[in-house]
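Reviewing the structure listed below.
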Amino acid sequence: MKICFLATADSIHSKKWIEYFLKKGNDVHWISLTPSIFAKDKNIKFYLIKNFPVKSLGLLLNILPVRKLIRKINPDVLHAHYAGVNGVLAALSGFHPFILTPWGSDILINAKSRIMRPLIKFVLNKADLITCDAEQMKEELINLGIIASKIKITYFGVDTEKFSPGPKDQNLIKELGLQNNLTVISLRNLEPIYDLETLIKAILLIVKEFPKVKFIIAGKGSEEKKLKTLAENLKISENITFIGFIPNDELPKYLRLADIYISTSLSDSTSVSLLEAMSCGLASVVTEVGENKLILKDGGYGVLIPVKNSKILAEKIIYLLKNEETRNKIGKIGRKIIEEKYNYYKEMANVENLYKDLIKTKL
């Protein structure tokens, strides 16, 4: 197949999706308005379109070159990731078959805006097929007027061979100062939507019972300075290591260092970082939002907590820190769930069949 992706080139999720089809021997083309942060693969035909700074005008100026390029490539299928700018450009290209994959905030948050809602509905209606990674997303799409038969739930999935339980990297333990310490890890970016402030406040309560517990906070974002200042003011900086962005290829060795995974997000569809943590055998504590409550069952597959409640968050983490057997049991169950339901290779194989069915329809 000749497949053209219209997707942001700094997204690991798009990269993983594209890599699968490249390895399967397909002719892959990738159009992006942002430069790629990944090592170039000579087998991927990558096209960088100038992203004009003025949002509304910039979108209009990008339509013509994107439309012209798609026509020149003439793929068997066009696939846009995210129902924002990429989705709009794909819809306005007039090319079919056109698949759209919303990611979460575009539907769960942006579509609630009176300004954005009509634009997003336009994109959704232009798509021949929509894939999403959560039942909640499917319900929201139906609420936006999309017929259920047009929507297919497809998880980004986890590479269970790469993300698996394994020995701890002793050099990394020394580097991060984690010797003989229980460790909790967060992988969400330092943005308001992920509410790391609640985690910082919970840490203050946790260290009263576990003075030596360590927290690894990965990711980057606009709230980095604010969160570090809060940790300093609460005098818990020694318990926290802000390590910045971790490339996806390096994530497994960091997850294997930890005893517990934590996410305090205020909104989610299907969190890939949660699935990756579960695949590595970690007990997880996450907010009861989006698909989290369907993926986990409190005390079984993981622990669910209300949003913005540092007291309950602290209580749940303290409980797991005290009970190694429970942590291990949750971790083993979680790993099994990922292998059965969220396997990256199985999910991408399903997408491959969707592509082929659409192509047959076009012919």
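Could you work out how far the C-alpha centroid of the range 270-345 sits from that of the range 59-96, in angstrom? That distance is 38 Å. If I take every Cα pair under 8 Å that is 6 or more residues apart in the range 170-341, average their sequence separation and divide by the length, what percent do I get for the relative contact order? Normalised by residue count, the contact order of the range 170-341 is 24 percent. Result for the chain in a Gaussian network model with C-alpha springs under 10 Å: among Ile338, Ile295, Ile312, the largest mean-square fluctuation is at Ile312. The amide H of Lys152, built 1.01 Å from its N in the peptide plane, has Ile130, Thr131, Cys132 as neighbours under 5 Å, considering only residues 5 or more places off or on other chains. Does the range 170-341 come out rounded, prolate or oblate, given a ≥ b ≥ c as the square roots of the eigenvalues of its C-alpha gyration tensor, rounded meaning a/c under 1.5 and, failing that, prolate meaning a/b above b/c? It comes out rounded by the Cα gyration axes.
Listed values for the range 276-283 are Karplus-derived 3J(HN,Hα) couplings in whole Hz (6.51 cos²θ - 1.76 cosθ + 1.60, θ = phi - 60°), namely 5, 5, 4, 5, 8, x, 8, 6, and x replaces Gly and Pro. Across Ala91, Ala134, Ala202, mean-square fluctuation computed from a Gaussian network of the chain (C-alpha pairs under 10 Å connected) peaks at Ala202. Relative contact order of the chain, please, whole-number percent, based on alpha carbon pairs below 8 angstrom and at least 6 residues apart. Relative contact order of the chain: 14 percent.
Going by the alpha-carbon gyration tensor, a ≥ b ≥ c the square roots of its eigenvalues, is the range 139-189 rounded (a/c under 1.5) or, if a/c is not under 1.5, prolate (a/b greater than b/c) versus oblate? In terms of gyration-tensor shape, prolate. Highest mobility in the GNM of the chain, judged by mean-square fluctuation with C-alpha springs under 10 Å and restricted to Asp169, Asp195, Asp268, is found for Asp169.
Couplings for the range 200-210, taken from phi via the Karplus curve 6.51 cos²θ - 1.76 cosθ + 1.60 with θ = phi - 60°, read 4, 5, 5, 4, 4, 6, 5, 5, 5, 9, 10 Hz in order; Gly and Pro are left as x. Determine the shape class of the chain: with a ≥ b ≥ c the square roots of the Cα gyration tensor eigenvalues, call it rounded for a/c under 1.5, and otherwise prolate if a/b is greater than b/c, oblate otherwise. It is prolate, given that a/c is not under 1.5 and a/b is the larger ratio.
Read-outs throughout are calculated quantities, based only on the coordinates presented, and are distinct from any laboratory measurement. Everything quoted here is computed from the prediction, not taken from an experiment.
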